[in-house]
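Take a look at the structure below.
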Amino acid sequence: MSNWQRKPPAPCQLQPNRNSMNPTTVHYLNLFLGSGTIALQVFSVVALLILFGRSKNNRSAYLDFIDRHFLVLSFFIALFSSVFPLVYSEIIGFLPCALCWWQRVFMVPMLFIFAVALWDKDRRVIRYALPLASIGFLVSLYQNFFYYFGANSDLPCDATGVSCYQRLVSEFGGYISIPMMALTAFFALLTLLAVAHFYRKEI
């Protein structure tokens, strides 16, 4: 038998400082995206509370608005969620970790799916986007759990050793981070899909 032994995975390492953008500009960008993340969380939670907490057949102006414009809202959430990670990685210099790459795998296709659906006004996009949004949400939830509550060594690194738990963005007392932004985007997309599916059946 061969004496070949499996090479151990690369240890998690902090990224070197590759920031090519002014730190003040990065800070204000983080605040802008962090504020948008919190607003999107409130928007989504309120929508779900109204959707599942009201009596059936009662119309809601809030849900009417979401149902009418869910293709537009979903497209722009997917757009921002696909573009700003590129800003962080390609302009600011924050290298994406393995879990970040997996979340991009499930987010970026939804940008094109919602773009085509918006062009054709096709509400059947729900059945195509739901699997991508659901799996992306689970991957993001996994990362956020270890990011906020787990031991650093429990989170995997890719072959380059890029850390999945380094605090590259930490705003609003540490609540807002890159993993939290990603989780919120998937959660908001699932909320929009839920409203478009369940509310449409009731009206």
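Computed from the coordinates by the stated procedures, all read-outs in this text should not be read as laboratory data. If you're wondering where the values come from, they're calculated on a predicted model, not measured in any experiment. Neighbour counts are summed over all protein chains in view; Cβ atoms, including those assigned to glycine, are modelled from backbone coordinates with ideal geometry.
Considering the range 49-76, and only residues there that are surrounded by fewer than 16 Cβ atoms within 10 Å (Cβ to Cβ) and within 18 Å of the chain's Cα centre (by Cα), the residue that is nearest to Leu192 (Cα to Cα) turns out to be Val72.
Of the residues making up the range 96-125, those that are surrounded by 17 or more Cβ atoms within 10 Å (Cβ to Cβ) and not in a helix (DSSP H, G or I) are Pro96, Cys97. Scanning the range 43-70 for residues that are touching a helix residue (DSSP H, G or I) at 6+ places or on another chain (Cβ under 7 Å) and not in a helix (DSSP H, G or I) returns Lys56, Asn57, Ser60. Checking each residue in the range 71-95 for being aliphatic (A, V, I, L, M) and in a helix (DSSP H, G or I) picks out Leu71, Val72, Leu73, Ile77, Ala78, Leu79, Val83, Leu86, Val87, Ile91, Ile92.
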